[in-house]
1. Does at least one position in the range B:110-133 carry a residue that is touching a residue at least 40 places away in the same chain (Cβ under 8 Å), over 21 Å from B:Ile52 (Cβ atoms), of a type in the set (Gly, Ala, Ser) and not in a helix (DSSP H, G or I)?
2. Quick check on my filter: what residues within the range B:182-236 are among the charged types (D, E, K, R) and touching a residue at least 12 places away in the same chain (Cβ under 8 Å)?
3. Identify all residues within the range A:54-75 that are within 19 Å of the chain's Cα centre (by Cα) and surrounded by fewer than 17 Cβ atoms within 10 Å (Cβ to Cβ); write none if there are none.
4. Can you name the residue in the range B:96-149 that is of a type in the set (Ser, Thr, Tyr) and either assigned by TED's automatic domain parsing to the domain that holds B:Gly66 or modelled with pLDDT under 95 (or both) and, of all such residues, is most open to solvent (accessible area, probe 1.4 Å)?
5. For the range B:150-168, give me each residue that is surrounded by fewer than 21 Cβ atoms within 10 Å (Cβ to Cβ), over 16 Å from the mean Cα position of the chain (by Cα) and within 14 Å of chain A (Cβ to nearest Cβ).
6. Looking at this structure, is A:Ile4 touching a Phe, Trp or Tyr at 6+ places or on another chain (Cβ under 7 Å) and either among the β-branched types (Val, Ile, Thr) or farther than 20 Å from B:Val23 by Cβ (or both)?
7. Failed condition for B:Gly5, given (1) crowded, with 24+ Cβ neighbours inside 10 Å; (2) within 12 Å of chain A (Cβ to nearest Cβ); (3) under 16 Å from B:Thr195 (Cα atoms), with all others met?
8. For the range A:179-238, give me each residue that is closer than 26 Å to B:His46 by Cα, open to solvent by 10 Å² or more (accessible area, probe 1.4 Å) and in a helix (DSSP H, G or I).
Number of protein chains: 2
Amino acid sequence: MSRIGVFGGMGPSATVDFMDKLVRLTPAGRDQDHLPVIVASLPHIHDRSRSILGVGPDPLPQLLLGIEFLNKSGVGVIAIPCNSSHHWYPQMCEHSAVPILHIAQACVAAIPQASAPKVAVFATRGALASGFYQSELAARGIEHMVPDAETGQALVDQCIRDIKAGQLEGGGKNLAAAFVLAKEQGATAVIMGCTEIPIAARYADSLGLELVDSSLELARASVEFALERGWNRPGWDS
Amino acid sequence: MSRIGVFGGMGPSATVDFMDKLVRLTPAGRDQDHLPVIVASLPHIHDRSRSILGVGPDPLPQLLLGIEFLNKSGVGVIAIPCNSSHHWYPQMCEHSAVPILHIAQACVAAIPQASAPKVAVFATRGALASGFYQSELAARGIEHMVPDAETGQALVDQCIRDIKAGQLEGGGKNLAAAFVLAKEQGATAVIMGCTEIPIAARYADSLGLELVDSSLELARASVEFALERGWNRPGWDS
């Protein structure tokens, strides 16, 4: 029970990026200082966004199998570096004996409220329809907006598809164009609320917008959870 | 049985690099085209090189627990992106119902024999003492050398320690100095026979030496194994 469980593959590059963040956030001078992690990268899970929008099959049974697998793998917490899948967060929690960290809660908690930002939420259409980012932001009294469906959101959609297909620079170009529109509409910050977006952001000018990286914040919450419990100290496998 | 099992954490950054290679080597236009992967990143395993050299505890019981875990996780093949651990390859294979790919075999098979290279093997002192690279190269009639213990090997050792401690540029600097010595000694190619070295190589001038990346070749062998068996097509979780 002293391992971080990562339910990944949604998508695979975002999972690699998340693991990289886990490693970088862990204070370590040698292998043995690091945290044990079990990753289930299961990319065949049905498209989360399409299902939320009512145009694709339900991924819930697959999501529950992944949660079940991690529960049997000696993990003490689960992180899911896929925002859209958090539409089914209550059902996954109910199915899990170990806590599941909520990516949007970790992400929104990282926004400095003092600066009174106007936050644009970049996410899949499914995640936006689900509304968990908007409700989390509203609960904290943070002013927010979503991209226009025809223009900004179309760019965000294409950016996500690009990264999932390994087209990193194409993804960066589309994201950069979405940043321009968000800035024109008065945004001062952008939540990168889809785990493909931070990968594209390496190739995009953020125009001074404050970027809040959902994947990074989930990684930070995961590492904190594990370090607080001493999982970096050799345990079963020492 | 249609998943790639990755036994990682030795070290953690090398595991992330290996997973990145798996994703990049898989022809995919969307999440669902990718390969399912289970990763056990267990960094607390005793230092492999120190054990081979007789100055550290035996990691074999821990290695066998990792192999056991992956065997119970529905994997059909196991890849271990840690060269030194292959000292215990026969014992791990004996303990595994599923095949384990051999990193040095995959790596040496990728050397173009036509070019008659003189290959320097960069690896931990433990892996060199174990001798599996040298015997693999000898079996294929490839001329090879290892760095001088006092100079070149000391640089390789420090490079590996640097990467394990997250010091990427320091690692690159030490690797670059080791490349200079290898070239002076007549090497035309270098086997990066420790999975930390390819990470350092991003920050080092290879001076025209042909670099053979053990981690990349293991990833290539893993993806080939999986694609041949159709694991990119939705299975249990479709």
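1. Yes - at least one qualifying residue is present in the range B:110-133.
2. Narrowing the range B:182-236 to residues among the charged types (D, E, K, R): B:183-184, B:196, B:202, B:205, B:210, B:213, B:217, B:220, B:224, B:228-229, B:233.
Within the range B:182-236, B:Lys183, B:Glu196, B:Arg202, B:Asp205, B:Glu210, B:Asp213, B:Glu217, B:Arg220, B:Arg229 qualify.
3. A:Leu64
4. Our first condition is that a residue be of a type in the set (Ser, Thr, Tyr); within the range B:96-149, this holds for B:96, B:115, B:124, B:130, B:133, B:135.
Filter once more, keeping what is either assigned by TED's automatic domain parsing to the domain that holds B:Gly66 or modelled with pLDDT under 95 (or both): B:96, B:115.
Working: B:Ser96: 19, B:Ser115: 68 Å².
The residue in question is B:Ser115.
5. Within the range B:150-168, the first condition is being surrounded by fewer than 21 Cβ atoms within 10 Å (Cβ to Cβ), and the residues that meet it are B:150-151, B:153-154, B:157-158, B:161, B:165-168.
Right, trim to over 16 Å from the mean Cα position of the chain (by Cα) and you get B:150-151, B:153-154, B:158, B:165-168.
Once the filter is applied, which keeps residues that are surrounded by fewer than 21 Cβ atoms within 10 Å (Cβ to Cβ), over 16 Å from the mean Cα position of the chain (by Cα) and within 14 Å of chain A (Cβ to nearest Cβ), the range B:150-168 yields B:Gln158, B:Ala165, B:Gly166, B:Gln167, B:Leu168.
6. On the way: touching a Phe, Trp or Tyr at 6+ places or on another chain (Cβ under 7 Å): no; either among the β-branched types (Val, Ile, Thr) or farther than 20 Å from B:Val23 by Cβ (or both): yes.
No, not satisfied.
7. Failing condition for B:Gly5: (3).
8. Correct list: A:Glu224, A:Phe225, A:Leu227, A:Glu228.
The values are calculated or read from the model by the stated rules, or taken from the named source; none is laboratory data. Quick caveat, the model's predicted, so the values are computed rather than measured. Glycine also receives a Cβ, built like all others from the backbone with ideal geometry; neighbour counts cover every protein chain displayed. Ligands, DNA and RNA are stripped out before the accessible areas are found, and what is left, the full protein with its side chains, is counted by its heavy atoms. Shrake-Rupley method; radii C 1.70, N 1.55, O 1.52, S 1.80 Å.
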